Amino acid sequence: SALVRGGALMNIDLKVRVDLSGLDAEIQQRIGPMSEAQKFIDSEFIRMTDPYVPFATGATKDSALINTLVGTGLITYATPYVRYIWAHPEWNFNGAPMRGAYWAQRSWADHGDEIVRGAAQLAGGHAE
């Protein structure tokens, strides 16, 4: 999605890159793009991040479900105002302090290890 001004959609794309080089091809396939493990990471991230996303009408939190192709590793929040609400921790959002700015980073800090452990288990391994 492209950033468009003048009332059209603006977006925030969140992507985590993991270096899979050095792993054998079978393991890369089990944890790479469109694998069950990546689909788990994407869907669990969206689910666990939901309570952190600023909420007035639900459009921003719902935009992750609408604009994300689960399994690609790219989560997209896209609304006309998303960039404005992303970087303002001083704003008092409905549901604050949990719902607020930098929701993705805060959610990952709280739940990232748990999500990675679940993905590793799906891929037949374990997270350290």
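The values are calculated or read from the model by the stated rules, or taken from the named source; none is laboratory data. In this text the structure is predicted, and so the values were computed from the model without any measurement. Positions of Cβ are generated from backbone atoms using ideal geometry, with glycine treated the same way; all protein chains shown enter the neighbour counts. For the accessible areas, the whole protein counts, side chains as well, though only heavy atoms, and no ligand, DNA or RNA atoms are used. Shrake-Rupley method; radii C 1.70, N 1.55, O 1.52, S 1.80 Å.
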Can you find, among Val70, His88, Ile115, the residue sitting farthest towards the positive end of the charge dipole of segment 55-128, where Lys and Arg contribute +1 and Asp and Glu -1 at Cβ?
His88
Can you sort His88, His126 by solvent-accessible area, 1.4 Å probe, largest first?
His126, His88
If Glu36, Glu114 are ordered by their accessible area, calculated over protein heavy atoms with a 1.4 Å probe, which sequence runs from highest to lowest?
Glu36, Glu114
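What accessible area per residue, rounded to a whole number of Å², is obtained for segment 68-128 using a probe radius of 1.4 Å?
Roughly 59 Å² per residue, with all protein chains present.
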Ignoring ligands, DNA and RNA, what percent of the 1.4 Å accessible area of segment 36-96 is carbon and sulfur?
59
Rounded, prolate or oblate, given the Cα gyration tensor of segment 30-81, with a/c below 1.5 counting as rounded?
prolate
